[in-house]
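The block underneath contains the structure these notes are about, expressed in structure tokens.
Coordinate-derived values only; no laboratory data. Bear in mind that the values here come from a model prediction, so they are computed numbers and not experimental data. Please note: Cβ atoms are built from the backbone with ideal geometry, for glycine as well, and neighbour counts cover all protein chains shown.
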Amino acid sequence: MNVLVCVTKTPDTTAKIGFVEQNTRFDISGVQFIMNPYDEWYALVRALELKEAQGGKVTLISVGGADCDQVIRKGLAIGADEAVRIDVQPVDAYQVATEIATYVKANTFDIVFTGKESIESNGSEVGAMIAEILDWPFLSYASKMDMEGPTATVDLEIEGGEDTVQADVPFVISAAKGLAEQRIPNMRGIMMAKSKPLQVVPGSGVAPRTAISSYTMPKEKSAVHLVDPENMSELVRLLKEEAKVI
Amino acid sequence: MVLVFAESGDGRIKKSGQEAITFGKKLATQAGTTCTTLLLGPIDAPGDAGIYGADLVVHLPHDGFTHFDSQTWSRAICEVATARNAEYVVLSHSSRGKALTGRVAIRLQAGCVSGVTELPNLSSGCLVTKGVYSGKAFASLKIATAIKVLSVMGNAIQPTKDGTAVPVEVMDLEPGKAGVTFVKTDKVEGTVPLPEAERVVSAGRGMKGPENWGIIEDLAAELGATTACSRPVADSDWRPHHEHVGQTGIAIRPNLYIAIGISGAIQHLAGVNRSKVIVVINKDPEAPFFKAADYGVVGDLFEVVPRLTKAIQDMKAAG
């Protein structure tokens, strides 16, 4: 199996979110960046398991500037064989998907993995777009995947349950919780990652179709209304009469 | 024209589909145009889409649309959108919608924004708002293309139900060969799925063990709520993973979220902070969750929760 895993960098899950330049840019000062958890914990690890079971190669791809190299190296330390960075600062998912699909067309892959979404833009767009550009099946929000020959049997998260479906390679699959167990890179992996190939290639020049015009922060909650723990009928009254939710 | 793809299941339009139709109708009114709703596969009363705001329904009843496939479904949506010159295509930001939105956008050479939380501002171009950074902020995005594809976040809009049934145009379109083969669906019976739930009762490590969940289930049953849990609870296998809400679990936005014995780590808040009303029950007055709560109860959950259940029963008994 020749597998491509799409990874992106995101602010750490505990990062304080703020904006600069009249709320048009994310404030990176003091923010630690990590590999998007769905890409790292589930997509990459499941790809590595496939390689361990039936041979092949795992390639990482990321669309971004040199500031992505740190998370790409982490992916190599966890076990990917090689990596490609498309040297473009993307503005939207369309650009990311187009760059990745262009790379896939010029090479040969059986499976393209993505995370189910990035915790930064929460779009779930890139995987579906890559699949459409390539005209491949798309297995979205996969929480379990078994391969037998060219056929994958996959559980997909749906509202209140899961669908089980089958598809033959090539396909695009987006990874949700359950698809694999997170792996922590060991010292040997970290050392080996330094000598693994990280190819930097120029982008195709595709233009974005959407752009962020500004950011806003959610309204601050007013102070919590504390209710006496002995008096739950008062809480019920507030929920019924004041909040009107029951 | 605004084309809404409304999801259906068990022969009826799903709640997420109703929301998409109402959103599409309001968008059409703003844009000075009409709202057509597309329905795929077997459905009992397709004209009922008018109740939620559709001006016209296009129905593709072919059996081949019984099971979901992002390739054939997105082709069908785009075929209808192109034939009828849709300027906007609206979908739900649901599990199916997430597999379709990007595909539809590529096929129509359209810019897309997914997880839209309010109606677009059309005063200069098309400015669309969505949640980013897992609910910690909102972004307004400008779509630069002639055709625009939007997916609507669950619970972002209340479906209006004051319309009447509208005419249905049935099209005999075959889906073609699906990219995926359906095997089976496993659903948790009896409860409203978390992403669609209007009330959620959620519990965390403060419960001390899975054997204590009876009081949570009793409260949820009394409220007609769906149960959920925090990540440590799911990771310890006290509760199934599909109950895990938070940044790496399911993001929800019910009208009422009751958090019991959950401290409120930032990753948990990211998945629930768009709930309309949050109630926090915790014995630790310093629990960070109280800062995000509307109502708080500082006390022992093993005493407070049964008392709350009883108070709801009393309220119901009093009518």
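Quick notes on this one:
- With a 10 Å cut-off around each Cβ of B:276-285, the average count of Cβ atoms from other chains is 3.
- Label-zone membership for segment A:212-241, site B:Lys316, 7 angstrom Cα→C-beta point, backbone N under 18 Å: A:232-241
- Cα-projected label distance for B:Asp10 with B:Asp63, points at 7 Å along beta-carbon direction, nm: 2.3
- In plain terms, if you count all Cα to Cα distances in chain B and split them into 20 Å steps from zero, the share in each step is 31, 51, 18, 0 percent.
- Dipole in debye (nearest 20) - segment B:194-318, about Cα centre, beta carbon charges: Lys, Arg +1; Asp, Glu -1: 300
- For chain B, the share of DSSP beta bridges that are antiparallel, to the nearest 5, is 20%.
- Peptides A:8-20, B:184-196, B:49-61 ordered by packing proxy, namely the average of other Cβ atoms within 10 Å per residue, highest first: B:49-61, A:8-20, B:184-196.
- Assuming charge only on the beta carbon of Lys and Arg (+1) and of Asp and Glu (-1), the dipole of the protein assembly as shown about its Cα centre is about 1180 debye to the nearest 20.
- For B:Pro120, neighbours were defined as the other residues whose beta-carbon sits under 14 Å from its Cβ, and their charges (Lys and Arg +1, Asp and Glu -1) total +3.
- Three-way shape call for segment B:194-318 based on the alpha-carbon gyration tensor, with the a/c threshold at 1.5: rounded
- Dipole-positive endmost among B:Thr226, B:Thr66, B:Val180 within chain B (Cβ charges, Cα centre): B:Val180
- Each other residue within a Cβ distance under 11 Å of A:Glu117 adds +1 if Lys or Arg and -1 if Asp or Glu, for a net charge of -1.
- Model label zone, B:Glu169; criterion: amide N under 18 Å from point 7 Å along Cα-to-beta-carbon; scope segment B:1-27: B:1-6, B:25
- Phi-based couplings in Hz for segment A:210-217 (Karplus 6.51, -1.76, 1.60; Gly and Pro marked x): 9, 8, 6, 9, 6, 10, 9, 9
- Cβ-based net charge around B:Ile312, under 13 Å, with every Lys or Arg adding one and every Asp or Glu removing one: +2
- The charge dipole of chain B, taken about its Cα centre with unit charges on the Cβ of Lys, Arg, Asp and Glu (plus for the first two, minus for the last two), comes to roughly 900 debye.
- Qualifying lysines (Cα of each under 21 Å from Cα of B:Lys148; at least 8 residues distant if same chain): B:Lys25, B:Lys26, B:Lys98, B:Lys130
- Zone residues, segment A:195-232, relative to B:Leu127, backbone N less than 19 Å from point 7 Å out along Cα-to-Cβ: A:209-219
- Amide H contacts under 5 Å for A:Ile61, placed H, 5+ residues apart: A:Val5, A:Cys6, A:Val7, A:Val84
- Given charges at Cβ of Lys, Arg, Asp, Glu: segment B:129-192 dipole, positive-most of B:Pro159, B:Tyr133, B:Ile143: B:Tyr133
- Annotation: the antiparallel percentage among DSSP beta bridges lying fully within the protein assembly as shown is about 35.
- Distant-in-sequence amide contacts of B:Ser151, defined by a placed amide H-H separation under 5 Å and a gap of 5 or more residues or a different chain, comprise B:Leu91, B:Val113, B:Ser114, B:Gly115, B:Val116.
- All Cα-Cα distances of the protein assembly as shown, cut into 10 Å bins from zero to the largest, leave 4, 18, 27, 27, 18, 6, 1, 0 percent in each bin in turn.
- Taking every residue in A:190-198 and counting other chain Cβ atoms within 10 Å of its Cβ, the average works out to 0.
- Of the residues B:Trp213, A:Trp41, the one with the fewest other Cβ atoms within 10 Å heads the list, and the complete ranking is B:Trp213, A:Trp41.
- Relative contact order for segment B:2-170, counting Cα pairs under 8 Å that sit 6 or more residues apart, in percent: 28
- Contour excess over end-to-end distance, with Cα ends at A:Val91 and A:Lys240 and 0.36 nm allotted per residue: 49.2 nm
- The phi torsions of segment A:90-102, fed into the Karplus equation with coefficients 6.51, -1.76 and 1.60 and a -60° offset, translate into couplings of x, 9, 9, 5, 4, 5, 4, 5, 5, 4, 5, 5, 4 Hz, rounded to whole numbers, with Gly and Pro shown as x.
- Considering only A:Thr13, A:Ser62, A:Ala43, the residue lying farthest towards the positive end of the dipole of segment A:1-69 is A:Ala43, judged by Cα position with unit charges set on Cβ.
- Between segment B:257-319 and segment A:12-52, the Cα center-to-center distance that results, in Å: 30
- Rg and Dmax of segment B:114-206, Cα atoms only, in Å: 19.2, 56
- Computed from backbone phi, the HN-Hα couplings of segment A:4-17 come to 10, 10, 8, 10, 9, 9, 9, x, 3, 4, 9, 5, 7, 8 Hz, rounded to whole numbers (Karplus: 6.51 cos²θ - 1.76 cosθ + 1.60, θ = phi - 60°; Gly and Pro given as x).
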